[in-house]
Each structure stands twice: as structure tokens, then as C-alpha cells.
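Worksheet: one structure, shown below.
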Amino acid sequence: MASTGSRDRTRVLHWTTDAPASRQLQRDGYHVLTYQRLAVAVVSARPNGSVRSSLKNPATGLLSIYAKHARVAVLGVPSRRVEELRIIYGYILEPAFRSGCSLLISAECDLQSLSPKEFIDPEWRCPYTLERLWYLASIYTVPAQVEVPDPVSRWRRLANLVSRRGDSRPRPVPHLDPEQNAAICAGDGVVQVIAPAGSGKTTVLVERVRELCRRGTPANRILCSTFNRDACLEMSARLAKVGLEDTNVRSFHGLGLSILKEEGLLRESIGTLEIPRWQELAERAGAADPGCGKFDAAAAQDAVGIFKLVLMISPRTAWERAADQGPRERVKARVYVLYQRLLRQKGMLDFDDLISKSIALLQDDSHIRRRWQARFERVLVDEYQDIEPAQALLIGLLAAPQDSLFCVGDEDQCIYAWRRASVQRVIDLDQVYPGLERFPLIRNYRCGRAITKASRRLIGHNRIRFRKPLKTGIKEPGHIRVWPQADPGRGAAFVARLLQETVPGQVAVLARTGQLLADVVEASRYVFDAGESLGGVELATVHGAKGREWDRVILFGADQGRFPLARAVRSGDKGDEESGLEDERRLFYVALTRAKLQLDIVFSAEKPSQFLKEAGIRTSRGGRWL
């Protein structure tokens, strides 16, 4: 008996090589589609360009047919190319399964007759789509009675928006807001949670794990992964507090380490070379091709990182590709060859190898791949905006073939472009997983109202992002004080004097560069009286402050040319100034949202950062509350 607001359906797949008559299928209650028309609709549903006007998945309208119709038939289905399998899986099989449909597919050949060797996905370098298709079809062919929610009509959605009572849906976690609960209770497929600063993403992740356990998944079959060790420790502690200590919580490097260790592929040590040794390798590689220009230790490290974590190719392949290219590309490949040779001689793996070699192992050995995929029924990823291509690939491989993947992140806080993180990777996740459900968290429970308002105004100037509401979730007003400096050279001393104010709570000084922080430390030695110190005050670059919060933040150096940093604007991740400026604006947004109650901004009176005006922060002389 279906509950109110839901209905029962029979979920079953009929895959046939026969060509049933369309009219007979319609008489039998099927909604009939042809693959050819569906493929055209798929192309039309894909976004045109990188700018998104809303959070809505572009495929939502196309996939709604499965919610509307309990029985769907798709005729004339080909299976000659990987792209065709992607459409079958992403736009037919998976969404129909999630909607509890009786699905009939009339195809040119039997699904089990397809050869894995002929359907290698270029991006995944294994039969990724075919294996997911086989897995889902094996479940789908077994008839099952399922309960699915009734479609919500357009007028009802509008009524909910204007109702003073707000969202009337039940809240499994009473103390959380409707958006947080909606994310926690999302379906079993791929879910993306857009979590702005201070929106309670860690709480949502913990409660999602609890929800998955309530649905029957043991905690030890759940993987929670994030970028760094500190975040893992925090997540583990939060899960243990609610009795879920058996959950697998790993950093990406820790995950790669586990795979290589269990498969017997670890070397004697793990680490990296000192800078002088990198410089030596760079000079050796550059000497063989003098026309390459300046090539130093930093360039060598960057080149090797790209080969391992973006291109994901071996030194031999890198050298073969570079043979007919320019001198700089040959030098990059040569330093990669020299570096990997040196690691082998030392019996050593570097930290990038933990990711790249574990991926290669999963791609190349189907038995190992299936064994590790079977270990985790559910995969959750925190700070998805920070991950690079190889880490996204590792997570995608481990989440397959079940595709129960829960990604939490915020494109507005993607500030590690230099580490190969990408805003586009967050925005285009629905192009990898067309059936993705997306949920925004819209309330900032960290910052006072004035700080939330300023940060919302600022980030709204970026084009490459989701358009989404950002509201304050706390009653505190929050305060912003501006301190324009007539003499920019005395700004560090002024920051030191600000630190002498007696303000309760945690205090931090943030700046765009480490040099500005060094200036504050030096100035403090002269400003502070004997016995005083910077004790209790944290100093951090904005990149280093990501994921942190303080009661009071002093942002130093909010000058045009310093923040946004001129050289960073010129070297944007897409090679143009607009993308570089958007990168810097995201970084300024992160800086603002580190402050809970009070934000002091120190800058040059002659050239204040354009971001202050964009945030609606007045830059008049004299410290004042805004």
C-alpha cells in the first residue's frame, strides 16, 4: 500500500533484439520513444558554454518522462560506439531505474554479447560505461515492486514558494533546515550538494552517512573521502560521535596508499625530492635543449605533476609525444624521465604516485577493479571543488558500477586552480552523470548578516558559477570596518596596532601573500610593548585559511594589484584575464567568509581593491562600522 504522496510501480527491464510494433506497445500502455529522436534531444539538452543560468540539471526535462510514465519503450537502440552506450546508460537505463519504470529496450544486439575490449572509454581507459550498464541491467531484469513519489505539479511548487509556512516536507533531522534535509534524503544515485561557506556541509555529510545506514548499508561499506588529513580527522571524529566509527574515512592519498599496499605495489619509502635536487634535474633536462628558455625547479615540479595527475601518462609515452614538439615540451618530458628513474633508484614513490599508480592499477586489471568497487557500496566526497582530474577519476572508478556518489562542494570556493582544481569540473558534473540530483545549501550559519551580504554581492560578479541564493542563517549583525591608509608603507604597522585592541575570541590576520604577513610580524616587533606578542593571533594566507573560521579577521593588503594580485590575473587558468580575475574574486570571497563577527579591512587609500566596491563595502576614510 503506497503512502500519501507516492505510488507503487513494477520496476523491470526487458532487453530484446526483436522489433516490436510501436502501436502494439502503445496499446499495452507503453510510452514509446525512438533512440534516434532521443539522441537528438540529448544533444539539445547539453549546456551551450560554461555559464549556467540556474542550478537545474539541463537533462531534467528530458528525463522527466520516466517519472511521468510507468512503462517506457525505446526502439532502434544501437550499440556500436561508446557514446551510444553512454546515452543508453545515462539517458535511458539509469533514470528509468531510479523512477521505477517498466522499461523495454529494443536493441540491435544482446547486451551480454558486447566485448569490453571494443568499448574502452577514452577518459576512463577501461570499459567504464559498459560495466556500469551490465551491472545495472543485471539488477533491473529482476522484477521488483517499488514505491516512488508522485510528481509535484507546477502550481504546487509555486504554492510552496509563496506559502508563509514554507517547506512542509518532513524533516528527518529536526534541527536542520529544509535544504539540508533535502540533500540528506536525496535518492541513491549521484547527488551533488552545492555548499557555500558556513552552510553546514560537514553536518550534512555525517547525517547522509546515517541516512544511508538507515537504508541498510553497513558503515564499513561506506567511503568518505576528502583532500587532506586534518579534514579526515574531523570527519572521523564527527562520525564516531554518532556511533559510525566503522565508516571508511580516507584522504585521496590515503586511499591510493591503501590500494597500492594491499596489492603489494608499495616501494620502500614515500616522499619527494628536496628543491636543490629538483633544480639539478631541471638543469640537466634543460641543458639538452638550450632553446627551451628558463626551466627551473618549480617548472620541473609542475611539469611532472601534469604528466601524472592531468595527462596521466607514463614517462615513455610523454617522451614519445614530445619527440616532434618544441624544445620546451621535450625538456618537460625529459625531466619526467629523469625524475622517475631517480625514484626507482631510490626505491621510492612520491605522493602523486599514490594517486596515479592506483588509478593505473584499477584501469588495467579488471579483477582488482571489481574487487575494490565491491568494497564500497556508497562513496561520499567532501570539498569536491578542490580535487584535480586524477582524484576525480579515482573516485569515479571506485563509485562504479553502483554510482551511489554524494559530492559536496562549492564552485565559489574553488581557489586552487594552480593545483589543477577546476570550477568547470563542479559545474559540469551533470555531463558526466546525466541523472544527477543537485541540492543547494543556501544559509550561511557562520558569518554575521553584514559579512554574508557583502560576500554575496561580491561573488555575484563572477560569470562562471551557479546562480543561487545565499542567505544569513544567524541573528548576529556582523560588522565590517574599513581602514584606508594614506601611506601604504605603514599598513603593516597599523595592523599591529589593531591587534592591540582588546577583542574577545579568536583573531586572525589574513593576506593574499606570505610577504605581507611577514611585514606584519616585523612591524609587530616595533609596535608592541615589552611583554606583548602575537600570541593567540593566527597569521595565514587566504589559501592557507580555507576551511577555517575566526571570530575576528583582519584582512591586510586589499589593494588593487595586491588583491586581486596582478600577476595572478594575467595568468588565469584559462589563459585570459577574465578567468584570472574570477579566480581572485573567489579567493577574496573565501577571505571575507572566514570572519564570524568582525571583519577589519586594511588597504591603500589611493588604490583600494575593486572587490571592495563590488562587495558594497564603502572605502571612506577613517575606521567605521558598516
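The values are calculated or read from the model by the stated rules, or taken from the named source; none is laboratory data. Note that the structure is predicted; figures quoted are calculated from it, not measured. Neighbour counts run over all protein chains shown; Cβ positions are idealised from the backbone, glycine included. Calculation scope for accessible area: heavy atoms of the full protein, side chains included, ligands and nucleic acids excluded. Shrake-Rupley method; radii C 1.70, N 1.55, O 1.52, S 1.80 Å.
With the cut-off at 1.5 for a/c, could you classify the chain from its C-alpha gyration tensor as rounded, prolate or oblate?
Working: a/c = 2.04, a/b = 1.34, b/c = 1.52.
It is oblate, given that a/c is not under 1.5 and a/b is not larger than b/c.
Of LEU599, GLY293, PRO127, which is farthest on the positive side of the dipole of the chain, counting Cα position, with +1 on Lys and Arg Cβ, -1 on Asp and Glu Cβ, and the Cα centre as origin?
Final value for the positive-end residue is LEU599.
Place +1 on the Cβ of every Lys and Arg and -1 on the Cβ of every Asp and Glu in the chain, take the dipole about the Cα centre, and give the residue among ALA496, ILE480, VAL242 whose Cα lies farthest towards its positive end.
About the Cα centre, the residue reaching furthest to the positive side is ILE480.
Taking 18 Å as the cut-off for C-alpha to C-alpha distance, list the pairs among LYS308/LYS357; LYS471/LYS596; LYS308/LYS332; LYS56/LYS453 that go past it. Please list the in-between numbers first.
Numbers: LYS308/LYS357 9 Å; LYS471/LYS596 14 Å; LYS308/LYS332 12 Å; LYS56/LYS453 24 Å.
Table pairs above 18 Å Cα-Cα are LYS56/LYS453.
Which stretch or stretches of the range 47-82 have amide N atoms under 20 Å from the point lying 7 Å from ASP8's Cα along the Cα→Cβ direction?
Under 20 Å, as judged by backbone N against the label point of ASP8, lie 67-72 of the range 47-82.
Could you work out the helix-only [θ] at 222 nm for the chain, with each DSSP H run of four or more residues adding -39,500 (n - 2.57) and the total divided by the number of residues, to the nearest 500 deg cm²/dmol? Kindly include the intermediate steps, with their values, before the conclusion.
Working: 28 runs with 262 residues, N = 626.
After summing the helix terms and dividing by residue count, I get -12000 deg cm²/dmol.
Give me the net charge for the shell around ALA615: Cβ to Cβ below 9 angstrom, other residues only, Lys and Arg +1, Asp and Glu -1.
Spelling it out: positives minus negatives among the neighbours equals +3.
Roll a 1.4 angstrom probe over the protein heavy atoms and tell me the percent of accessible area of the range 421-486 that is carbon or sulfur. Don't jump to the answer; show the numbers that get you there.
Values: 1300 of 2530 Å².
C and S fraction of accessible area: 52 percent.
Per residue of the range 218-228, in order, report the coupling 6.51 cos²θ - 1.76 cosθ + 1.60 (Karplus, θ = phi - 60°) as ³J(HN,Hα) in whole Hz, putting x for Gly and Pro.
x, 4, 6, 9, 10, 10, 10, 10, 8, 6, 10
Compare the Cα positions of VAL209, GLN112, ILE387 along the charge dipole of the chain (+1 at Cβ of Lys, Arg; -1 at Cβ of Asp, Glu; about the Cα centre) and return the one farthest towards the positive end.
VAL209
Can you list the residues, at least 5 places off or on another chain, whose amide H is less than 5 Å from the amide H of ASP600, using H built in the peptide plane?
Sorted by chain and number, the residues that satisfy this are ARG481, VAL553, ILE554, LEU555.
If you fit an axis through the alpha-carbon atoms of helix 275-287 and take the longest principal axis of the Cα set of the chain, what angle between them do you get, 0 to 90°, nearest 10?
Helix 275-287 sits roughly 70 degrees off the main axis of the chain.
Does the range 461-591 classify as rounded, prolate or oblate by the C-alpha gyration tensor (a ≥ b ≥ c root eigenvalues; a/c under 1.5 gives rounded; else a/b over b/c gives prolate, otherwise oblate)? Working shown, then result.
On the way: a/c = 2.34, a/b = 1.42, b/c = 1.65.
Oblate shape, in that a/c is at least 1.5 and b/c is the bigger or equal ratio.
How much accessible area per residue does the chain have, counting only protein heavy atoms and a probe of 1.4 Å, in square angstrom?
Values: 28490 Å² over 626 residues.
Per-residue accessible area for the chain comes out at 46 Å².
Kindly write out, for the range 76-84 in residue order, the coupling ³J(HN,Hα) from the Karplus curve 6.51 cos²θ - 1.76 cosθ + 1.60 (θ = phi - 60°), rounded to whole Hz, with x marking Gly and Pro.
Values, residue by residue: x, 8, x, 8, 9, 10, 4, 4, 5 Hz.
So how strong a dipole does the range 557-608 carry about its Cα centre when Lys and Arg Cβ are +1 and Asp and Glu Cβ are -1, to the nearest 20 debye?
Working: 9 positive and 10 negative charges, 46 e Å.
Result for the range 557-608 is approximately 220 debye, rounded to the nearest 20.
Would you mind working out the magnitude of the charge dipole of the range 97-147 relative to its Cα centre, with +1 at each Lys and Arg C-beta and -1 at each Asp and Glu C-beta, to the nearest 20 Debye? Please list the in-between numbers first.
Working: 4 positive and 7 negative charges, 22 e Å.
The dipole magnitude comes to about 100 debye.
Please give me, ordered by residue number, the GluC sites (Glu not before Pro) of the range 271-357 that lie in loop per DSSP and have at most 15 other Cβ atoms within 10 Å.
Values: sites: GLU274, GLU280, GLU283, GLU320, GLU329; in loops: GLU274.
Taking the range 271-357 and a limit of 15 other Cβ atoms within 10 Å, the loop GluC sites (Glu not before Pro) found are GLU274.
Non-local amide H neighbours of THR34 (under 5 Å, H modeled in plane, Pro and chain starts lacking H): which ones?
Under 5 Å from the amide H of THR34 lie the amide H atoms of LEU75, each far enough along the sequence or on another chain.
If amide H atoms are built 1.01 Å from N in the plane of the peptide, which residues on other chains or at least 5 residues away come under 5 Å of the amide H of ASP296?
For ASP296, whose amide H was placed from the backbone, there are no distant partners under 5 Å.
Got a sec to turn the phi values of the range 349-363 into Karplus ³J(HN,Hα) couplings, 6.51 cos²θ - 1.76 cosθ + 1.60 with θ = phi - 60°, whole Hz, x for Gly and Pro?
Taking θ as phi minus 60°, the curve returns 10, 9, 5, 5, 4, 4, 7, 5, 6, 5, 5, 4, 5, 5, 5 Hz for the range 349-363.
Probe radius 1.4 Å, ligands and nucleic acids left out: which of LYS201, LYS56, LYS471, LYS613 has the largest accessible area, and how do the rest follow? Before the final figure, lay out the partial values.
Working: LYS201 45, LYS56 130, LYS471 100, LYS613 175 Å².
Largest accessible area first, the list is LYS613, LYS56, LYS471, LYS201.
Any idea what the dipole of the chain comes to, in debye rounded to 20, about its Cα centre with Lys/Arg Cβ at +1 and Asp/Glu Cβ at -1?
Numbers: 93 positive and 74 negative charges, 366 e Å.
That gives a dipole near 1760 debye.
Report, for the chain, the % of DSSP beta bridges that are antiparallel, rounded to 5. Kindly include the intermediate steps, with their values, before the conclusion.
Numbers: 10 of 71 bridges.
Here the share of antiparallel DSSP bridges comes out near 15 percent.
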